[in-house]
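Report on one structure; see the data block that follows.
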Amino acid sequence: MEEIKITTEFIKLDSFLKFAGVASLGTEAKFYIQEGQVYVNGEVETRRGKKLYKDDVVEFNGETFKIV
């Protein structure tokens with residue numbers, strides 16, 4: 001599990017995917033999310049504006065990220 005540090009109160013899911021280096025463009029992140037390929041805390045998340053906070057866990061393509 002890779003830990004990703006954020007310096008704000010929260011980060012939106014599509015921005016997080018770009019920040020973590022999973023997606024290079026916002027449209028790419030949007031596609032992954034809308035296709036149901038992204039899990040937040042073990043559940044499929046299809047809202048790209050979903051706010052992520054510290055201790056949330058994001059899973060995508062076999063990789064797991066924890067927000068710290």
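The values are calculated or read from the model by the stated rules, or taken from the named source; none is laboratory data. Predicted model, so just to flag it, every value in this text is computed and none were measured. Cβ: placed from backbone, ideal geometry, glycine included. Neighbour counts: every protein chain shown.
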Picking from Tyr39, Tyr53, the residue that is within 9 Å of the chain's Cα centre (by Cα) and hydroxyl-bearing (Ser, Thr, Tyr) would be Tyr39
Going through (1) in contact (Cβ under 8 Å) with a residue 60 or more places away in the chain; (2) of a type in the set (D, E, K, R); (3) in contact with a Phe, Trp or Tyr (Cβ under 9 Å, 6 or more places away or on another chain) one by one, Glu9 fails only at (1)
Within segment 51-62, the residues that are modelled with pLDDT of 95 or more and either loosely packed, with under 13 Cβ neighbours inside 10 Å or farther than 11 Å from Leu17 by Cβ (or both) are Lys51, Tyr53, Lys54, Asp55, Asp56, Val57, Glu59
Gln34 passes all but one of the listed conditions (1) over 12 Å from the mean Cα position of the chain (by Cα); (2) loosely packed, with under 11 Cβ neighbours inside 10 Å; (3) of a type outside the set (A, V, I, L, M, F, W, C); the exception is number (2)
Cβ pairs under 7 Å, 6+ apart or interchain, first in segment 26-55 and under 23 Å from Val68 (Cβ atoms), second in a loop (DSSP other than H, G, I, E, B) and among the acidic types (Asp, Glu), ordered by first then second residue, are Ile33/Glu45; Val38/Glu45; Tyr39/Glu45; Val40/Asp56; Asn41/Asp56
